[in-house]
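The values are calculated or read from the model by the stated rules, or taken from the named source; none is laboratory data. Quantities reported herein were computed from a predicted structural model and do not represent experimental measurements. Don't worry about glycine lacking a Cβ; one is built from the backbone with ideal geometry, like all the others, and counts go over all protein chains shown. Heads up: the accessible areas ignore ligands, DNA and RNA and are worked out on the full protein's heavy atoms, side chains in. Shrake-Rupley method; radii C 1.70, N 1.55, O 1.52, S 1.80 Å.
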Number of protein chains: 2
Amino acid sequence: MTERPFHHGSLRTALLDEAILVLRESGVQGLSLRDLARRAGVSHGAPRSHFVDRQALLDALAETGFRRLTSHVELALAGQDDVRQRFLRVARAYVNFAIDDAALMDLMFPATPAPRPSAVADAAHDLFATLDNAMGPRHSATDEVARESFEMLFAATMQGIATLVASNRIDRARGDRLVDEAMEMMLGSALATRTVAPG
Amino acid sequence: MTERPFHHGSLRTALLDEAILVLRESGVQGLSLRDLARRAGVSHGAPRSHFVDRQALLDALAETGFRRLTSHVELALAGQDDVRQRFLRVARAYVNFAIDDAALMDLMFPATPAPRPSAVADAAHDLFATLDNAMGPRHSATDEVARESFEMLFAATMQGIATLVASNRIDRARGDRLVDEAMEMMLGSALATRTVAPG
DNA sequence: CCCCCAATGTAGGCAGCGCCTACTTAGTAG
DNA sequence: CTACTAAGTAGGCGCTGCCTACATTGGGGG
């Protein structure tokens, strides 16, 4: 009577959780719906009840990726110390996430973009809104452009460092130092003084 | 008698050229050895004479990618104007390449790295050696670390900007401005003065 | 000059995959 | 209790990568 029940109960979550592990292990190429079904102990058609096709699974993974990254950033933002320390923590959190889940980042920022479900777009928006809030209150409308530039440059630099580390071009310790240097450079720049630390 | 000859003559090159187009059109997921064979007008087993498996094709693509990017950078370096202008041109060339061939960049900097043929590693090394030379003669042994940091930060930032543009997070024009701002920031930093423009 | 051989391409089979359809089971709402 | 729906099963289709056996070709050594 302790047989596996007909209904899994939380197959969708189980598939996503397992997919994250496979993604870390074998990349997106190694991700197969049938394999995930086997690992979950269900038939090969079962995932279709939760994901209309493979791309739907990848989109769901991207969404959870954005949400996890957002919560990491929020955690890094907690605390009352100065803006430099906070940004440094955010940068480290961002890069560490992007390194540990590099294949997931490729799903979040795909090289060949296609129209995405609004849930993914919303999750992505939330991440950048969080980064935006992290910079504190706005000071003037004219600095809005500079502020956005700074945010994009911040995200781009962290993403780029993570890419170099993930692809084994530089090792992790070197990447850590690079993050520190990048933050020093960015926070010391004129662009930053007009946005993050005015006056 | 004007039949297609039994031997293609330059199948390997034809496959690689066609693969670049498919890569731009459909990404790495859409790249199939059998499809490439069909496009080249040969049987589905023919590519095996030139690429032992699919990964070998991807590796060859990565190698040609590094070589093409290197030549773009070299072209951007031509000219006698000051180091700022040269670096700005290199940055634009790098970002434009990474945007136009974003899927190829993923093959060059894979999220799930595996041991790669020495030909790929050599081509990658050549690219970074070219970037290294672009910074002009070295000034002191103690600045060697700062110099490498600057190079890595340069590559990372450009790669990150390209990723944001390629994945449609920011548009191309915004990316162009971001490149300018990034270069202004990097060349104005203390790290740069210790390496690129000392004194 | 010719013949043999290595390189190149052909043909077919195998297992795994994504996607589709028809069917079954389980939980729930009326 | 019964109907309806969500969730899972089972099987088929065409595609893929990879493997093996075989055919064709062109070039280099006897």
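Out of region B:159-176, which residues are at the interface with another protein chain (Cβ under 7 Å from one of its Cβ atoms) and part of a helix (DSSP H, G or I)? Result: B:Gln159, B:Gly160, B:Ile161, B:Thr163, B:Leu164, B:Ala166.
When you scan region B:140-152, do you find a residue that is closer than 18 Å to A:Ser167 by Cα, charged (D, E, K, R) and surrounded by fewer than 19 Cβ atoms within 10 Å (Cβ to Cβ), even just one? For region B:140-152, residues closer than 18 Å to A:Ser167 by Cα, charged (D, E, K, R) and surrounded by fewer than 19 Cβ atoms within 10 Å (Cβ to Cβ): present. For region A:39-66, residues that are away from chain B (no Cβ under 12 Å), farther than 20 Å from A:Asp100 by Cβ, open to solvent by 40 Å² or more (accessible area, probe 1.4 Å) and more than 10 Å from DNA strand D (Cβ to nearest atom) total 3. Applying the selection to region B:10-28, what residues are near DNA strand C (Cβ under 10 Å from one of its atoms) and at pLDDT 95 or above? Within region B:10-28, B:Leu11, B:Arg12, B:Ala14, B:Leu15 qualify. Within region B:98-121, if we keep just the residues that are away from chain A (no Cβ under 13 Å) and touching a residue at least 24 places away in the same chain (Cβ under 8 Å), the residue that is most open to solvent (accessible area, probe 1.4 Å) turns out to be B:Pro117. Look at (1) in contact with a Leu (Cβ under 8 Å, 6 or more places away or on another chain); (2) buried (at least 22 other Cβ atoms within 10 Å of the Cβ) and you find that B:Gly160 fails only one, number (1).
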